[in-house]
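Trainee: Quick one: this structure, given as structure tokens, is what I'll be asking you about.
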Amino acid sequence: MAQKILVTGGTGYIGSHTVVELQQAGYETVIIDNLSNSNVGVLDGIEKITGKRPVFVEGDCTDIDILRRLFSEYPGIDGIINFAASKAVGESVKEPLLYYRNNLCTLLNLLELMPEFGVRGIVFSSSCTVYGEPDRNPIDESAPIKNATSPYGNTKQISEEIITDFINSGAPVKSVILRYFNPIGAHPSALIGELPNGIPNNLVPYLTQTAAGIRKELTVFGDDYDTPDGSCIRDYIDVVDLAKAHVMAMRRMLSSSEDTDRIEIFNLGTGHGLSVLELISAFESATGVRVPYRIGARREGDIEKIWADPAKANNILGWTASVPVTETMRNAWAWQLRTDSKSNS
Ligand code: NAD
Ligand code: UFG
């Protein structure tokens, strides 16, 4: 019988791509999402790609009664992937309690209910933000955790500690913590992708909106960093590659044949850093579309350079990022064009 996975935040950007990969790998999925940062229409996209509409529960994971009802109504959930969280760094500085409440109560509720409903494992979305500004690159999982620079980042650090403490207390659950580097792009079908709310904060949606003429120009936040071209460096990871890693993590965590640690942490990145200017040029050469940009001031709190050492995920999960950045850029552009035509229709 197919294993059943609860995907919290499953109509969101990374969640929707992961539901597609889970369904294509033969898992049954149940999504819970409160639609605070996504749209129920995403389910149509998932259905078109996979031929199957996932079960969808509209609800808030900070409400433990809603979750309890869900576990009773859909018995036999084997594992959870917890994407549900608020994720805007700037907003978290202005509304810290909202972030602590949403991100931490969601996790606490899920952990509390797992033993009661026999759920064996939870995959948690963490971030390379826990490393702060690395002392050296590429960075592996043993690198020190630095003081968080935002309440959002702090929720990821605290969440990792909560999971670790819970499992070390002897709770009958396992966990895989995935530290994402910079997820970008969209499904190659252009049926699902990222839906930024208002003016995007992140580079790629801002870039594609500028290329589409929705924004006048992209501002490159600083060209005086200690990097070859002066702009910041990140490890941009294709969202479909990222989604596939969740399937592999889930398979490993739930496998009874593999004697895995009760808690495991993996970096998910390509292992290659790209500067902001290099990414703009990758977009231009992949699509033939010019991106008007100007060099602006540094953005407060930005990390200068960070990229992953993904060897642990490569060797232990058997996962490697494989989509070339030019293809990721073409997919991001196809998605941008599709969302434009939808909003104009
Ligand atoms: P997203 O906002 O697109 O998806 C999150 C989903 O969770 C949304 O659909 C939202 O409606 C839902 N949600 C939020 N709070 C909820 C609640 N209390 N109950 C039910 N649903 C709720 O974000 P994403 O980019 O897909 O990120 C997914 C996860 O990955 C988040 O935990 C995020 O912090 C983490 N992450 C994202 C990035 C990134 O750059 N996108 C990087 C590192 C980590
Ligand atoms: N950038 C620009 N102009 C823009 C937007 C971004 O030059 O208009 C630059 C930034 O300065 C940075 C790079 O593009 O150098 C990437 O910026 P993003 O905002 O896309 O991503 P960040 O690395 O700042 O942060 C993202 C998420 C965080 C997450 C982190 C690590 O927003 O939530 O990746 O996963 F913690």
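The values are calculated or read from the model by the stated rules, or taken from the named source; none is laboratory data. Remember, predicted model here, so these are calculated numbers, not experimental data. Virtual Cβ from ideal backbone geometry, glycine too; neighbours counted across all protein chains shown. Ligands, DNA and RNA are excluded from the accessible area calculation, which covers all protein heavy atoms including side chains. Shrake-Rupley method; radii C 1.70, N 1.55, O 1.52, S 1.80 Å.
Trainee: Within the range 113-165, can you find the residues that are open to solvent by less than 20 Å² (accessible area, probe 1.4 Å) and among the acidic types (Asp, Glu)?
Mentor: Within the range 113-165, just Glu160 meets the criteria.
Trainee: Right, here's the next one. Thr129: within 30 Å of Thr227 (Cβ to Cβ), among the β-branched types (Val, Ile, Thr) and modelled with pLDDT under 95, yes or no?
Mentor: Taking the combined requirement at face value, the residue does not satisfy it.
Trainee: Condition check: in contact with a Leu (Cβ under 9 Å, 6 or more places away or on another chain), among the β-branched types (Val, Ile, Thr), not assigned by TED's automatic domain parsing to the domain that holds Gly90 and not in a helix (DSSP H, G or I). Does Val291 satisfy that?
Mentor: yes
Trainee: Just for helices (runs of 4 or more DSSP H) wholly inside the range 8-78: which have at least 1 residues that are surrounded by fewer than 17 Cβ atoms within 10 Å (Cβ to Cβ) and among the aliphatic types (A, V, I, L, M)?
Mentor: Output list reads 64-73.
Trainee: Exactly one of (1) near ligand 1 (Cβ under 9 Å from one of its atoms); (2) at pLDDT below 95 is unmet by Met1. Its number?
Mentor: With respect to (1) near ligand 1 (Cβ under 9 Å from one of its atoms); (2) at pLDDT below 95, Met1 is out only on (1).
Trainee: Limited to the range 117-158, what total is found for residues that are among the basic types (Lys, Arg), within 14 Å of ligand 2 (Cβ to nearest atom) and more than 25 Å from Met253 (Cα to Cα)?
Mentor: Summing the residues that are among the basic types (Lys, Arg), within 14 Å of ligand 2 (Cβ to nearest atom) and more than 25 Å from Met253 (Cα to Cα) in the range 117-158 gives 1.
Trainee: Of all the residues that make up the range 199-252, how many are small (Gly, Ala, Ser), open to solvent by less than 10 Å² (accessible area, probe 1.4 Å) and away from ligand 1 (no atom under 13 Å from the Cβ)?
Mentor: The number of residues fulfilling the criteria is 4.
Trainee: From Ser285, Ser275, grab the single residue that is more than 16 Å from ligand 1 (Cβ to nearest atom) and surrounded by fewer than 19 Cβ atoms within 10 Å (Cβ to Cβ).
Mentor: The match here is Ser285.
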